[in-house]
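Enquirer: Starting off with a structure, shown below.
The values are calculated or read from the model by the stated rules, or taken from the named source; none is laboratory data. What you see is a predicted model, and the numbers here were worked out from it, not measured in a lab. All Cβ positions, even for glycine, are placed from backbone atoms using ideal geometry, and neighbour counts span all protein chains on display. Protein only, heavy atoms only, side chains kept; ligands, DNA and RNA dropped before computing areas. Shrake-Rupley method; radii C 1.70, N 1.55, O 1.52, S 1.80 Å.
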Amino acid sequence: MAFELPPLPYSMDALKPYISAETLEYHHGKHHAAYVKKANDLVAKSKFANASLEEILKTAEPGPLFNNVEQHYNHSFYWKTLGPKAGGEPKGPIADAIKKAFGSFASFKEKFSKAADDHFGSGWAWLVQTSGGALEVVSTHDAGCPIRQGQRPIITCDVWEHAYYIDYRNERPKYVEAFWNLVNWEFANSNLK
Ligand code: MN3
């Protein structure tokens, strides 16, 4: 089963001024596309040729195949976390769940931003739901994905330099601050169990 690069769920200039069309053209059209191509090349000649994406995420041993499949999953999830005319305060069940877990949206935002800002090197910040149903902020290194730990991703922020270097250069905290104007809380609600 071949993986496919999903089209962005919005136009390349839809996330301006927070994320530029140039960033999306490279991030989606070059970086994500390369992960998909490498994943397909590696999976085709492996024992996972007929496996589902989830099966690979849960069972593949660490290495290039696993990394590229994870990056495909993570990026597909990231595009859906973002959206135009989004951001601001959460609405619906996720708003209540965040309040219950973190006390307030402000304290959740601070905790998530800190995880994203302080993450050393390449990786991802996530809001996840544990198997017990609790919400937690976690970060993963490189291609790491919370599904491997049995956690359910709710939203994610890509903190690899390629996600922000064109727009913000070395200033990752500015990108993370801009991220809050783009979070699609409808998507977060759809991931909540
Ligand atoms: Mn990326």
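Enquirer: If you find the alpha carbon centre of the stretch 131-193 and of the stretch 68-86, how far apart are they in angstrom?
Expert: 9 Å
Enquirer: Around ILE166, under 14 Å between beta carbons, what's the net of Lys plus Arg minus Asp minus Glu among the other residues? Present the calculation step by step, with values, prior to reporting the outcome.
Expert: Working: positive: LYS16, LYS30, ARG169, ARG172, LYS174; negative: ASP13, GLU22, GLU25, ASP158, GLU161, ASP167, GLU171.
That works out to -2.
Enquirer: Taking all pairs of different Cα atoms in the chain, averaging 1/r and flipping that mean, what Kirkwood radius in angstroms comes out?
Expert: Details: mean 1/r = 0.0588 Å⁻¹.
Every distinct Cα pair counted, the radius reaches 17.0 Å.
Enquirer: Go ahead and run the numbers for FRET between LYS114 and ASP41, Cβ-Cβ distance against an R0 of 41 Å, rounding to 0.05.
Expert: Using R0 = 41 Å, I get an efficiency of 0.65.
Enquirer: Now for a different question. I'd like the carbon and sulfur percentage of the solvent accessible area for the stretch 16-170, probe radius 1.4 Å, heavy atoms only, ligands and nucleic acids excluded. Walk me through the intermediate numbers first.
Expert: Numbers: 3960 of 7570 Å².
Looking at the stretch 16-170 in its full context, I get 52 percent from C and S.
Enquirer: Roughly what would the spin-label model give for GLU177 and SER122, points 7 Å off Cα along C-beta, in nm?
Expert: 2.7 nm
Enquirer: OK, next. Counting only heavy atoms of protein chains, what accessible area per residue, in Å², does the chain have with a probe of 1.4 Å?
Expert: Details: 9590 Å² over 193 residues.
Ligands and nucleic acids excluded, the result is 50 Å² per residue.
Enquirer: Relative to the present Cα-Cα distance, how much length would full extension add between ASN50 and LYS99 at 0.36 nm per residue of separation? Kindly include the intermediate steps, with their values, before the conclusion.
Expert: Details: separation 49, 0.36 × 49 = 17.64 nm, distance 4.17 nm.
That pair, ASN50 and LYS99, stretches by 13.5 nm at full extension.
Enquirer: A further question follows. Taking 35 Å as R0, compute the FRET efficiency from the Cβ-Cβ separation of SER20 and SER107 and round it to 0.05. Please report the intermediate quantities before stating the final value.
Expert: Values: r = 30 Å, r/R0 = 0.87.
The formula returns an efficiency of 0.70 here.
Enquirer: Would you mind classifying the stretch 87-173 by shape? Square roots of the alpha carbon gyration tensor eigenvalues, ordered a ≥ b ≥ c; an a/c under 1.5 is rounded, otherwise it is prolate if a/b is larger than b/c and oblate if not. Don't jump to the answer; show the numbers that get you there.
Expert: Working: a/c = 2.35, a/b = 1.40, b/c = 1.68.
The shape class here is oblate.
Enquirer: Which entries of LYS100/LYS193; LYS114/LYS193; LYS16/LYS80; LYS16/LYS174; LYS111/LYS174; LYS47/LYS80 show an alpha-carbon separation above 21 angstrom in the structure shown? Please list the in-between numbers first.
Expert: Details: LYS100/LYS193 15 Å; LYS114/LYS193 25 Å; LYS16/LYS80 16 Å; LYS16/LYS174 14 Å; LYS111/LYS174 15 Å; LYS47/LYS80 30 Å.
In this structure, LYS114/LYS193; LYS47/LYS80 lie more than 21 Å apart at Cα.
Enquirer: Please report, in Å, the Rg and the Dmax of the stretch 21-81, where both are computed over Cα atoms only.
Expert: Looking at the stretch 21-81, its Cα Rg and Dmax stand at 12.0, 38 Å.
Enquirer: I've got another one for you. Per 0.36 nm of contour for each residue apart, how much would the distance between LEU192 and GLN149 grow if the chain were fully extended, relative to their Cα-Cα spacing? Before the final figure, lay out the partial values.
Expert: On the way: separation 43, 0.36 × 43 = 15.48 nm, distance 1.67 nm.
The LEU192-GLN149 span can extend by a further 13.8 nm.
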